[in-house]
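J.: What follows is a single structure, and I will ask about it in a moment.
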């Protein structure tokens, strides 16, 4: 990691700020910790962090609103922390533009892993090569070719679009709505059943076992994620 | 009829009615009828044979009822069938066997064989007729095979009676055969049938001989056979038509014929109806039975009005549309309706009236024929369409003849004659006749036509006797006087007619107004009622008063129908009534007394129906003073009752809906509380846990990377958060104890200053950000308290202050004596409490909305404070500070005498933990 990588921590609990700060600093990140939304929005502008860890339960403003405001002018990766573990809560945060979602309480190892994924994803998006590789899976975006090992996989146009979308956001959960809107268009954003059928087909063609997936993971009630490395 | 009607354009599209007709048969069982021309042709035999064949195919077939009439070959066929045992019905000293419909419904076979479709059930059965039982089986999805003789069909009833001179009493509506899915004609030539009869295969020999001489004559059988063949052929036509229409096959069907049959109160009208049905069948025409309700309707006896209603009902059963139209003149009413509805033929019975009557009143038939234009008129003699024999003799009695009006008329005529006699010299002879006119008019207006005619007759005689020479005889000398007398007679007669007619109209208007007023009054009385019990009582009471009847109302109580109210009060129904009520409830149709279903019940039950569905059932019964069985309600009353039932149903539904809304509100509130609890607990449990787990996992991963002070800092976090969690769990437990009422305070007098010192020590570590100051009034008496509960209360109040007041702001505790005892106030420098929320801050899970999610708070703290303070016989209130923004919580405890008082507050008491 570059030593200049800056992380903004937003949480109203001093205890949580404290352990996040010491742990991430030990990992070599530069930390800015604030306790409310107003300070957070100010810090995003002034400090220009590389990643934000955001608690949704803030005293002055709903965390979802913070995400939306940040997203109007920035692609800053956001990892959300919340005590809410229900799907609608996750979906709302991800739809608003969060990159990842962690339910309190969590271990610091898991958080570090998520932070790394989110940072890498950001780097990847900046310089996504013409060919995406994940283990033996290779997606050639230019030639519209998908191969596993030596054998080519025939995908329909929609299946390819779906896989491309997941690959572009590899490691990140894409919500049903995000996928449907991107691949099928705004009018279909509620047709989750439709999406399930396509994912089932895609997994079949990629010989991916839904029970222990090698490529496409299901986030129940939320969406899908193409595994990071 | 022009063959090319616009309707022809539609034949390329399936007609919705035809599709509907085939769709309606989808969920029902299928009915197959084995139709025969006469007994003994082998219908039962054929039915059983067909049943056996189905059984062989593996279909679940049972016998509901089979009459073998001890015919050997038929009985042999019963073997191997499952036969549902018959139900024994006690009737007058004997027992009758009836088909056990409930047993069949419970057994639920695929197909049931039911002999003799036209059979009439024993009194007290669920349905009057067996075909109604079959209807219920069909709607339960069970297929039925049944048998029927042609003479039982309603529309053929009088034709058969004419052929055979035997009138069949057991009839069934033609619709049954029209809607049957299959009809198989069991045909046997008359010769073969007579042969079988002679061989004793049908009846025992002596009966057979009698039958041969009468019913089973070859002529009769041939005619009956022809009827059966024609009826079956016509049904096939109908099916073909339905099929062709459903599949949009254009074809030459008779289009546009519409028949109108004119109904009157005479018994012969039923014959007219049957004739019309046959005509309509032949022409494949729709038909309408019309009754024109002229003012004369109100002069008809109840029996005659009933007969009009029955005739119209019969027409409906035979497939007609029954219409009643108000009108002044029958011919006008008929023709207006006919023109408006494209009627092509009018069928009317020939009047039984004398020529004289027709000359005076005009004849409807003549008027019709004169003005009908291109509408065909068929006039039938009453002999051709004779109705039920004997029903004329059974015609309902006129209203009891009252003598009083005639008596009055006589007296008045007498008085007027006396007056005329006195003034005989002063008044011209012709003028004297005038003095009789008022008497005639009075009688006509007051008492109607007949008393007026009586007065007319008396007047004429009196005039002649007392005033026309020769006096005191009924002979007339001067021809001029004859003219005068005739004029008197004419004037009196016409005047009485006119007056009587206007009286009848006034009477009709009065009835109309009375029933409108009754309806209006009823709706006004029940409109404002807001609770169900009051409403039901008002409905029962009002209807009971209006119709002078006993009323019960039944509403569904889960699955069961329960009597909710009765007027006069009634809680229980006997079994027959309950069965009728349930039937009415399950079918949404009237049942019980004077209805088609379960007529043996004491009451008539009407469904209370709104657009959304059934809301209940109303039972009605009259004390046995008037008329006796059969006519529970006159048609007028029945109409009024129907209107009242509709209004009652709407009112009941309104209350049910309102109750539903209330319930939803309560449920919503409970739901809100529950989700508040969940949010609160998940937040308050998880936040400290998140810090603890986060800190510990950091420590484990980076133990060697962290320096000593970092390790100590994180370990301190773990301890603080664990303690916070402990307090939270303690709060939840306290709340549970309070709710379980297991808080038993140990009340002792305690020195308030000392206790506050301990409290100050409690918060010093847990809430280090709090700048606390304690002021205790000098000479403060001791307070009655439980030390543990008091510490908890104060801690929660201070914790609350710490949450809402800005960090580093001052919190004061003031203790002083009041009239109620000892008051301990906690004052913070926060934003205060919105005035509207002051009462609610002690509610469980209530949080003042300042910012969305304030620092961890259970929403339990203040609620526990209130519970504990009250357990200590004290009180707690929330206020806003008057000197500056901020909240004030005042705990008041009872004062207790204490010898030793007041030492300076000590907030340095670290040992007291």
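The values are calculated or read from the model by the stated rules, or taken from the named source; none is laboratory data. Small disclaimer: the values here were computed from a predicted structure and weren't measured. Please note: Cβ atoms are built from the backbone with ideal geometry, for glycine as well, and neighbour counts cover all protein chains shown.
J.: Suppose we filter B:757, B:761 for residues that are in contact (Cβ under 8 Å) with a residue 24 or more places away in the chain, crowded, with 20+ Cβ neighbours inside 10 Å and over 16 Å from residue B:876 (Cα atoms); which single one remains?
T.: B:757
J.: Conditions: (1) under 27 Å from residue A:25 (Cα atoms); (2) free of Cβ contacts under 8 Å to residues at least 60 places away in the same chain; (3) more than 14 Å from every other protein chain (Cβ to nearest Cβ). Residue A:114 meets all but one. Number of the miss?
T.: Condition not satisfied by residue A:114: (3).
J.: Being modelled with pLDDT under 90 and either away from chain B (no Cβ under 11 Å) or farther than 25 Å from residue A:189 by Cα (or both) narrows it down to one of A:49, A:14, so name that one.
T.: Just a single option satisfies the conditions, and that option is A:14.
J.: Give segment B:537-561 a look and list any residue that's within 17 Å of the chain's Cα centre (by Cα) and at pLDDT below 85, or say none.
T.: B:556, B:557, B:558, B:559, B:560, B:561
J.: So if I check each of A:57, A:63, A:28, A:89, which one is within 14 Å of chain B (Cβ to nearest Cβ) and on the phi > 0 side of the Ramachandran plot?
T.: Matching residue, one of A:57, A:63, A:28, A:89: A:28.
J.: Residues that are in contact with a helix residue (DSSP H, G or I) (Cβ under 8 Å, 6 or more places away or on another chain), closer than 24 Å to residue A:82 by Cα and within 14 Å of chain A (Cβ to nearest Cβ): does segment B:660-677 have at least one?
T.: No, segment B:660-677 contains no residue that is in contact with a helix residue (DSSP H, G or I) (Cβ under 8 Å, 6 or more places away or on another chain), closer than 24 Å to residue A:82 by Cα and within 14 Å of chain A (Cβ to nearest Cβ).
J.: Okay, next question. Does segment A:2-11 contain at least one residue that is assigned to a helix (DSSP H, G or I), within 23 Å of residue B:693 (Cα to Cα) and either under 20 Å from the mean Cα position of the chain (by Cα) or within 13 Å of chain B (Cβ to nearest Cβ) (or both)?
T.: no
J.: Filter segment B:704-742 down to the residues that are surrounded by 11 or more Cβ atoms within 10 Å (Cβ to Cβ) and not in a helix (DSSP H, G or I), then identify the one that is farthest from the other protein chains (Cβ to nearest Cβ).
T.: This residue is B:706.
J.: Considering B:25, B:4, which residue is at pLDDT below 80 and more than 30 Å from residue B:153 (Cβ to Cβ)?
T.: Of the residues listed, the single one that is at pLDDT below 80 and more than 30 Å from residue B:153 (Cβ to Cβ) is B:4.
J.: Something else now. Exactly one condition in (1) farther than 21 Å from residue B:320 by Cα; (2) within 33 Å of the chain's Cα centre (by Cα) is not met by residue B:154; state its number.
T.: Exception for residue B:154: condition (1).
J.: Can you tell me which residue within segment B:432-475, out of those that are in contact (Cβ under 8 Å) with a residue 12 or more places away in the chain and in a loop (DSSP other than H, G, I, E, B), is surrounded by the fewest Cβ atoms within 10 Å (Cβ to Cβ)?
T.: B:474
Residues checked against (1) closer than 11 Å to residue B:891 by Cβ; (2) out of contact with any helix residue (DSSP H, G or I) (no Cβ under 8 Å at 6 or more places or on another chain); (3) surrounded by 17 or more Cβ atoms within 10 Å (Cβ to Cβ):
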{"position": "B:792", "(1), (2), (3)": "no, no, yes"}
{"position": "B:801", "(1), (2), (3)": "no, yes, yes"}
{"position": "B:809", "(1), (2), (3)": "no, yes, no"}
{"position": "B:812", "(1), (2), (3)": "no, yes, yes"}
{"position": "B:824", "(1), (2), (3)": "yes, no, yes"}
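J.: Let me ask another. Please enumerate the residues belonging to segment A:182-212 that are in a loop (DSSP other than H, G, I, E, B) and closer than 23 Å to residue A:95 by Cβ.
T.: A:184, A:185, A:189, A:190, A:191 - these are the residues of segment A:182-212 that are in a loop (DSSP other than H, G, I, E, B) and closer than 23 Å to residue A:95 by Cβ.
J.: Which condition breaks for residue B:756 when tested against (1) part of a helix (DSSP H, G or I); (2) over 60 Å from the mean Cα position of the chain (by Cα); (3) more than 16 Å from residue B:793 (Cβ to Cβ)?
T.: Residue B:756 satisfies all of (1) part of a helix (DSSP H, G or I); (2) over 60 Å from the mean Cα position of the chain (by Cα); (3) more than 16 Å from residue B:793 (Cβ to Cβ) except (3).
J.: Determine if segment B:495-502 includes at least one residue that is surrounded by fewer than 13 Cβ atoms within 10 Å (Cβ to Cβ) and more than 30 Å from residue B:423 (Cβ to Cβ).
T.: No; the residues of segment B:495-502 include none that is surrounded by fewer than 13 Cβ atoms within 10 Å (Cβ to Cβ) and more than 30 Å from residue B:423 (Cβ to Cβ).
J.: What number of residues within segment B:682-703 satisfy the criterion of being closer than 30 Å to residue B:795 by Cβ, free of Cβ contacts under 8 Å to residues at least 60 places away in the same chain and within 7 Å of chain A (Cβ to nearest Cβ)?
T.: Adding up the residues that qualify gives 8.
J.: Let me ask something additional. Does segment A:212-224 contain any residue that is touching a helix residue (DSSP H, G or I) at 6+ places or on another chain (Cβ under 6 Å), outside the structural domain of residue A:86 (by TED's automatic domain parsing) and free of Cβ contacts under 8 Å to residues at least 24 places away in the same chain?
T.: No.
J.: Here's another thing I want to ask about it. Looking at B:519, B:498, which one is modelled with pLDDT of 75 or more and under 26 Å from residue B:405 (Cα atoms)?
T.: B:498
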